[in-house]
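The values are calculated or read from the model by the stated rules, or taken from the named source; none is laboratory data. None of the values given here were measured: they were computed from a predicted structure. Ideal geometry is used to build each Cβ from the backbone, glycine not excepted, and the neighbour counts take in all protein chains shown. Protein only, heavy atoms only, side chains kept; ligands, DNA and RNA dropped before computing areas. Shrake-Rupley method; radii C 1.70, N 1.55, O 1.52, S 1.80 Å.
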Amino acid sequence: MFLIAHRANDNHQFSENSKEAIVRCLEYDYIDGVEIDVRITKDKKLVLHHDSVLDFNSNGHGMVKYKTLRELNKYLYGKSNTKLATLEEVLPLFNKKILLIELKESGNDYIDLVDETAKIIYNYNYLNVYVCSFNFSLLTYMKNNYKNIKCGLIIGYGLNKLKIINNFDFFVLSSRNLDFINIKKYNFVFGIKDNDLNKLSNSSYFITDKSFEVVKKIK
């Protein structure tokens with residue numbers, strides 16, 4: 001089983017999705033990869049931020065996509081009051097470890113997000129990058145236009161169960177949807193309880209905020 005640090009969270013004091021958190025996670029030998037959330041700004045920059053709004057994770061206000069990167073950089077984020085990280089600045093941090101990028105756009109305004117993401121990823125084509133989303137249309141556009149990028153549909157919280165037959169490369173599955181785990185060669189799984197870890201194969205990728213605790217149970 002491979003351990004993926006959810007939003008770069010683990011046994012450290014840094015804010016989720018921050019550059020500092022990613023650096024620390026990559027230093028831990030037991031962590032095999034990092035999952036991050038990516039959104040697009042008003043000036044088409046790609047930033048690491050989970051929520052569509054700033055209000056719950058910063059001292060700012062408003063929506064990420066309606067602000068420029070310069071405006072967003074005026075605020076501090078998360079529990080350690082860090083600056084917002086960009087995709088372009090964190091990609092060079094990776095080498096052999098896995099990077100799972102969740103593209104955050106629930107509506108139909110995803111073309112710029114996909115195009116800008118692909119442009120940056122292609123500058124680092126030696127990295128082990130996977131791109132996922134809840135948005136089926138977004139992934140379809142990416143797969144049709146950027147065939148070399150590994151794409152995966154997130155299936156969970158009642159979403160996308162009727163879309164399991166697709167041409168994407170992998171799934172990101174919630175613990176309630178393990179029935180689909182054998183459909184794809186690659187699977188990232190989240191929400192597994194400790195007593196269900198034995199349901200995952202050695203080739204599964206487990207997304208967790210607490211790799212430091214899970215590793216004691218599986219290795």
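Remark: pairs (first residue in region 9-29, of a type in the set (Ser, Thr, Tyr); second residue in a loop (DSSP other than H, G, I, E, B) and surrounded by fewer than 22 Cβ atoms within 10 Å (Cβ to Cβ); Cβ separation under 6 Å; 6+ apart in sequence or on different chains) = Ser15/Gly78; Ser15/Lys79; Ser15/Ser80. Remark: pairs (first residue in region 168-189, over 12 Å from Lys150 (Cα atoms) and assigned to a strand (DSSP E or B); second residue open to solvent by 30 Å² or more (accessible area, probe 1.4 Å) and of a type in the set (Ser, Thr, Tyr); Cβ separation under 7 Å; 6+ apart in sequence or on different chains) = Ser174/Tyr157; Val189/Ser175.
When residues in region 87-115 are screened for being more than 15 Å from the chain's Cα centre (by Cα), within 21 Å of Val53 (Cβ to Cβ) and not in a loop (DSSP other than H, G, I, E, B), 1 of them pass.
The rows are residues; the columns are (1) over 13 Å from Val38 (Cα atoms); (2) at pLDDT 95 or above.
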{"site": "Tyr66", "(1), (2)": "yes, yes"}
{"site": "Phe94", "(1), (2)": "yes, yes"}
{"site": "Ala118", "(1), (2)": "no, yes"}
{"site": "Asn128", "(1), (2)": "yes, yes"}
{"site": "Ile149", "(1), (2)": "yes, yes"}
{"site": "Lys163", "(1), (2)": "yes, no"}
{"site": "Asp169", "(1), (2)": "yes, yes"}
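The residue of region 182-197 that is farthest from Lys143 (Cα to Cα), among those that are hydrophobic (A, V, I, L, M, F, W, C) and open to solvent by less than 30 Å² (accessible area, probe 1.4 Å), is Leu197.
Being within 21 Å of Val129 (Cβ to Cβ) and under 17 Å from the mean Cα position of the chain (by Cα) holds for only one residue in Lys44, Lys19, and it is Lys19. Scanning region 126-165 for residues that are open to solvent by less than 30 Å² (accessible area, probe 1.4 Å) and either more than 17 Å from Asp112 (Cα to Cα) or touching a residue at least 60 places away in the same chain (Cβ under 8 Å) (or both) returns Leu127, Val129, Tyr130, Gly152, Leu153, Ile154, Ile155, Gly156, Asn160. Of the residues examined, Arg24 is one that is farther than 16 Å from Asp112 by Cβ, crowded, with 18+ Cβ neighbours inside 10 Å and of a type in the set (Lys, Arg). For region 123-162, the tally of residues that are of a type outside the set (S, T, N, Q), closer than 25 Å to Glu89 by Cα and assigned to a strand (DSSP E or B) stands at 7. Can you confirm whether region 90-100 contains a residue that is surrounded by 15 or more Cβ atoms within 10 Å (Cβ to Cβ) and touching a Cys at 6+ places or on another chain (Cβ under 9 Å)? Yes: one or more hits. When Ile36, Ile31 are screened for being among the β-branched types (Val, Ile, Thr), within 30 Å of Asn144 (Cβ to Cβ) and in contact with a strand residue (DSSP E or B) (Cβ under 9 Å, 6 or more places away or on another chain), only Ile36 passes.
Among the residues making up region 198-214, a single one is modelled with pLDDT under 85 and surrounded by 15 or more Cβ atoms within 10 Å (Cβ to Cβ): Leu200. A single member of Thr68, Thr86, Thr41 is open to solvent by less than 20 Å² (accessible area, probe 1.4 Å) and not small (Gly, Ala, Ser), and it is Thr41.
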